């Protein structure tokens, strides 16, 4: 079943959205991320996608805020941003259902092996955030030489069963989905594939479904009312 997962990005303790990952292009939607999370949970969200932007950019973290959300919300949480070692991942897994590994999937491939040996596969996701087909790392501030498709294949072979793909050039822009890179990712990923980046309307969600994806992570289009949530038949 195709699922729309609301995104709550946290920066300096507030719920924000960025454009193409640029911190200078910040829109604050809620001063308190708990208000944002409660909004979506109250509308029936079974999962929320949280990103700790401060941790991703190396400017501290919002772990206390995330723990507060985990304790207060009835829905499940997946969390990404700056999780680059086993200790950080395990501390989050004490409070949330799933952690999302980004940069470390390239720089520390042994981390995935360690996590998958300790936890069930559904609790570990890999975020593949790409620009022009190449994976971006360190809070999207650097572009690696690793092709997104190649990373998807490698982590799938390691045992990862949940991949999140983001088209950085579209993220936060409301420009709509570019189907070509999403289709390439679908062909490279044999398991659960969820995508985000550029979703602007129900048409984009329908496009994701037609490409065989399992869900979409949506931020700005939900916050600005361009997509009705929950979706109606």
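The values are calculated or read from the model by the stated rules, or taken from the named source; none is laboratory data. Keep in mind that this is a model prediction, so the values were computed, not measured. Note that each Cβ is placed from the backbone with ideal geometry, even for glycine, and that neighbours are counted across all protein chains shown.
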- Note on the structure: The number of residues in segment 99-112 that are modelled with pLDDT of 95 or more and surrounded by fewer than 21 Cβ atoms within 10 Å (Cβ to Cβ) is 3
- Check segment 42-52 and report whether any residue there is at pLDDT below 95, in contact with a strand residue (DSSP E or B) (Cβ under 7 Å, 6 or more places away or on another chain) and assigned to a loop (DSSP other than H, G, I, E, B). no
- Query: Does any residue of segment 17-31 turn out to be on the phi > 0 side of the Ramachandran plot and at pLDDT below 95?
  - Reply: yes
- Query: Only one of 222, 175, 213 is in a helix (DSSP H, G or I) and either touching a residue at least 40 places away in the same chain (Cβ under 8 Å) or out of contact with any helix residue (DSSP H, G or I) (no Cβ under 8 Å at 6 or more places or on another chain) (or both); which?
  - Reply: 222
- Selection within segment 64-89 - modelled with pLDDT of 95 or more, touching a helix residue (DSSP H, G or I) at 6+ places or on another chain (Cβ under 8 Å) and more than 26 Å from residue 36 (Cα to Cα): 85, 86
- Select from segment 113-130 the residues that are buried (at least 17 other Cβ atoms within 10 Å of the Cβ), outside any strand (DSSP E or B) and either without any contact (Cβ under 8 Å) to a residue 40 or more places away in the chain or within 14 Å of the chain's Cα centre (by Cα) (or both) and list them in ascending order. 115, 123
- Query: Got a number for residues in segment 122-141 being out of contact with any helix residue (DSSP H, G or I) (no Cβ under 9 Å at 6 or more places or on another chain) and within 13 Å of residue 93 (Cβ to Cβ)?
  - Reply: 2
- Item | When residues of segment 90-112 are limited to those that are in a loop (DSSP other than H, G, I, E, B) and in contact with a helix residue (DSSP H, G or I) (Cβ under 8 Å, 6 or more places away or on another chain), the one farthest from residue 74 (Cα to Cα) | 102
- Query: Restricting the search to segment 190-213, which residues are in contact with a strand residue (DSSP E or B) (Cβ under 7 Å, 6 or more places away or on another chain) and either farther than 22 Å from residue 1 by Cβ or modelled with pLDDT of 95 or more (or both)?
  - Reply: 191, 192, 193, 194, 195, 198, 205, 208, 213
- Keeping to segment 161-175, report how many residues are modelled with pLDDT of 95 or more and over 14 Å from the mean Cα position of the chain (by Cα). 1
- Query: Since residue 169 meets every condition but one in (1) part of a loop (DSSP other than H, G, I, E, B); (2) farther than 16 Å from residue 227 by Cβ; (3) touching a helix residue (DSSP H, G or I) at 6+ places or on another chain (Cβ under 8 Å), which condition does it not meet?
  - Reply: (3)
- Task: Would you check which residues across segment 68-86 are more than 18 Å from residue 16 (Cα to Cα) and assigned to a helix (DSSP H, G or I) and list them?
- Result: 70, 71, 72, 86
- Out of 133, 139, 159, 196, report the one residue that is touching a residue at least 24 places away in the same chain (Cβ under 8 Å), under 25 Å from residue 99 (Cβ atoms) and surrounded by fewer than 18 Cβ atoms within 10 Å (Cβ to Cβ). 159
